[in-house]
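I have placed the structure first, in the form of structure tokens, so that the comments after it can refer back to it.
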Amino acid sequence: MVRAPDRATQKRPDRDVYVLGVGLHPFGRFPDKTIHQMSQEAVRAALKDGGIRLSDIQVAYFGHVYYYGMSVGEEVLAGLGLTGIPVINVENACSSGSTGFWQAYWNVATGVFDVALAFGSEKVPRGAVTTRAADSHERLTGADHMMAIYGLRMRRYMHDHGAPVDAIAQVAVKSHHNATLNPYAQHQKEFTLADVLESRPIADPVTLHQCCPTSEGAAAAILCAKDVAQRYDPGLKRSVRVAGAALRVQPFHDRQVDNPDVTELAAREAFQIADMTPADVDLAQVHDAATVGELIQIETLGLVSEGQGWRYTVEGRTSLAGDLPVNTDGGLLAMGHPFGASGIRMIHELVTQIRGEAGSRQVKKARVGIAQCSGWGGVSTVHILAK
Amino acid sequence: MPRRLSLSSDRLKLLDPEGTDGVLLGTRCRECGVTVFGSTVLCPHCTSDQLARVELSRRGEVWSYTVVHTPTKEWKGEVPYALVDVELPEGLRVPAALVDCPFDQLRVGMPVELTLRVAEIDSEGNEVMAYRWRPVKGPA
């Protein structure tokens, strides 16, 4: 079968864009807090981190999936002090946050605005996550079940690459260890391989601790044109450059057998903009909603060759001390996954690592980092950050 | 009088009034030949509007499988259940629950065929039929 032509336009930034400040609200369960309160805390942390006032922000993108009332992004900022700037609410499933970051980046990179805020939050309901509306006929097929789809992917990965279950489950052991070094993580607890394998079966071979938890939390990032960033951070000592940014949606039908992978398309575009190759990448944050997701994404990004991700994991090469640390803050698996915040949480971790401020989970070499976030609907975002 | 209905007239056509047999529906592009499951307004491959409704193959091969122990709250069938993603000769995959197969006999590549099951009773008492896969009996 013929492959779909790549219809991407060759985008080029007109100027350099830096992340000036980042902020988080811890991930976990916060029944006494509203999405507004969590988001406001994350925005205030990002403003403080960047040494910038809310009144200097010129445009804001708010990522979320579930419904919290109309125009929730405006409502969140109203609680901080609305300044009259445009606020745009972004829904792109699990990639809502990174989609807002991508939009903020291109706004600044093309000169429309000088300073942009990307923030996001979520209160994900407990239980298995569905992707369709409740009255969709898909609910009757048995296939509208996110972790069951990961079960299919994991079984196929094992079949294609001869990967043992233990090797894939090891991703969860590694990521939970990273989360014990992260005060913002939902699961700050070590899990042994036996803990992971013997946890409740969800969609065999995916067990409970191979799935990201349902989560609450918020994240924020402030993006600036280079000359503007210089004003707040003379010499750009703590600012981190966004070297490449791409968002793509599966160009062909998502059920089609011979379909180019959307992460491959987004990665190609992001590396092209950054004028880099996968060999330049020191660390990665990728979409690990289930353990096998991490392996598939690091392979599709080209960071390791196809079918080798599980070997890298077993050999410890993706751990904090390895040559390709992956999901250094615990990832979706252990940090947690509030959909609207997750894509920006990945940016937060890359910025923290590249600045050298990650404390006990700091990796040795952190000059170039990549963040990949997937969303239902065939979305993949790829951002490359560099010193 | 309660009847048997398809879960989606777009994707499953019942072949007899009793609703015991059916066929999956797809759309084939007359220009580039690509076939998709269900309907589409434009061909997702070449964007042509020269499309024809087609009946899809009744048999395919298991591309992958999983046994779901923790279902969504919308699932009304048995638990645990096997979910298989089935590759059809037309070059597309159709995921659905698998019936009539012990879990320890699930294999990648196993031949399966279409079957129907009552998935729910609607508010008017009609039986809503859903597509399922089952192992091919006898020589494939």
Boolean, B:P135 is loosely packed, with under 12 Cβ neighbours inside 10 Å and modelled with pLDDT of 95 or more:
no
For region B:65-89, name all the residues that are more than 7 Å from every other protein chain (Cβ to nearest Cβ), not in a loop (DSSP other than H, G, I, E, B) and not small (G, A, S).
B:V84, B:V86, B:L88
Tally, over region A:181-195, of residues that are in contact (Cβ under 8 Å) with a residue 60 or more places away in the chain and part of a helix (DSSP H, G or I)
0
Condition met for A:S380 (in a loop (DSSP other than H, G, I, E, B) and not acidic (D, E)):
no
Can you pull out the residues in region A:235-252 that are charged (D, E, K, R) and free of Cβ contacts under 8 Å to residues at least 40 places away in the same chain?
A:K237
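To keep it simple, each residue is scored yes or no on (1) in contact with a helix residue (DSSP H, G or I) (Cβ under 6 Å, 6 or more places away or on another chain); (2) charged (D, E, K, R); (3) outside any helix (DSSP H, G or I).
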residue	(1), (2), (3)
A:A45	no, no, no
A:D49	no, yes, no
A:Y61	yes, no, yes
A:V76	yes, no, no
A:A104	no, no, no
A:G111 versus (1) over 27 Å from A:R29 (Cβ atoms); (2) part of a loop (DSSP other than H, G, I, E, B); (3) touching a residue at least 40 places away in the same chain (Cβ under 8 Å); (4) touching a Phe, Trp or Tyr at 6+ places or on another chain (Cβ under 7 Å): which is the lone unmet condition?
(4)
Looking at (1) without any contact (Cβ under 8 Å) to a residue 60 or more places away in the chain; (2) outside any loop (DSSP other than H, G, I, E, B); (3) at the interface with chain A (Cβ under 9 Å from one of its Cβ atoms), which is the only condition B:Y131 fails?
(1)
I want to confirm something. Restricting to region A:132-152 and keeping residues that are more than 7 Å from every other protein chain (Cβ to nearest Cβ), of a type outside the set (A, V, I, L, M) and part of a helix (DSSP H, G or I), which single residue is farthest from A:Q297 (Cα to Cα)?
A:E138
Taking region B:91-106 and keeping residues in a loop (DSSP other than H, G, I, E, B) and either more than 9 Å from every other protein chain (Cβ to nearest Cβ) or aliphatic (A, V, I, L, M) (or both) leaves B:V99, B:D100, B:C101, B:P102, B:L106
If you go through B:P44, B:P17, the only one that is modelled with pLDDT under 90, out of contact with any His (no Cβ under 9 Å at 6 or more places or on another chain) and part of a loop (DSSP other than H, G, I, E, B) is B:P17
When restricted to B:V34, B:V99, the only residue of a type outside the set (G, A, S), surrounded by fewer than 22 Cβ atoms within 10 Å (Cβ to Cβ) and out of contact with any helix residue (DSSP H, G or I) (no Cβ under 7 Å at 6 or more places or on another chain) is B:V99
Of the residues in region B:13-46, those that are under 17 Å from the mean Cα position of the chain (by Cα), aliphatic (A, V, I, L, M) and within 9 Å of chain A (Cβ to nearest Cβ) number 1
Quick check on my filter: what residues within region B:70-129 are closer than 23 Å to B:F37 by Cβ, of a type in the set (D, E) and modelled with pLDDT of 95 or more?
B:D85, B:E87, B:D100, B:E113
Checking the structure you have, find out if any residue of region A:202-210 is more than 8 Å from every other protein chain (Cβ to nearest Cβ), more than 22 Å from A:T291 (Cβ to Cβ) and not hydrophobic (A, V, I, L, M, F, W, C).
no
Among (1) within 11 Å of chain A (Cβ to nearest Cβ); (2) loosely packed, with under 14 Cβ neighbours inside 10 Å, where does B:E55 come up short?
(1)
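Listed here are the residues, each with its yes/no results for (1) at pLDDT below 95; (2) more than 12 Å from A:C211 (Cα to Cα); (3) out of contact with any Pro (no Cβ under 8 Å at 6 or more places or on another chain).
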{"position": "A:A143", "(1), (2), (3)": "yes, yes, no"}
{"position": "A:R153", "(1), (2), (3)": "no, yes, yes"}
{"position": "A:M158", "(1), (2), (3)": "no, yes, no"}
{"position": "A:P164", "(1), (2), (3)": "no, yes, yes"}
{"position": "A:H176", "(1), (2), (3)": "no, no, yes"}
{"position": "A:T180", "(1), (2), (3)": "no, yes, yes"}
{"position": "A:E190", "(1), (2), (3)": "no, yes, yes"}
{"position": "A:D195", "(1), (2), (3)": "no, yes, yes"}
Those helices (runs of 4 or more DSSP H) lying entirely in region A:225-319 with at least 2 residues at pLDDT below 95 and touching a Lys or Arg at 6+ places or on another chain (Cβ under 9 Å):
A:262-274
Matching entry among A:V129, A:V173 (being β-branched (V, I, T) and more than 14 Å from every other protein chain (Cβ to nearest Cβ))
A:V173
Would it be correct to say that A:Y68 is among the aromatic types (F, W, Y), surrounded by fewer than 21 Cβ atoms within 10 Å (Cβ to Cβ) and touching a Ser or Thr at 6+ places or on another chain (Cβ under 9 Å)?
yes
Please go through region A:71-113 and pick out each residue that is out of contact with any strand residue (DSSP E or B) (no Cβ under 7 Å at 6 or more places or on another chain), loosely packed, with under 14 Cβ neighbours inside 10 Å and closer than 23 Å to A:R15 by Cα.
A:G111, A:V112
How many residues does region A:338-377 hold that are farther than 19 Å from A:F27 by Cα, part of a loop (DSSP other than H, G, I, E, B), in contact with a helix residue (DSSP H, G or I) (Cβ under 8 Å, 6 or more places away or on another chain) and modelled with pLDDT of 95 or more?
4
With respect to A:G142, is the statement that it is in contact (Cβ under 8 Å) with a residue 12 or more places away in the chain, farther than 19 Å from A:A220 by Cβ and out of contact with any helix residue (DSSP H, G or I) (no Cβ under 7 Å at 6 or more places or on another chain) true?
no
Scan region B:105-134 for residues that are touching a Gly at 6+ places or on another chain (Cβ under 8 Å) and more than 18 Å from B:Y65 (Cβ to Cβ) and jot them down.
B:L116, B:A119, B:E127, B:M129
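The values are calculated or read from the model by the stated rules, or taken from the named source; none is laboratory data. For clarity, every value in this text was computed on a predicted model and none was experimentally measured. Note: ideal-geometry Cβ built from the backbone for every residue, glycine included; neighbour counts use all protein chains shown.
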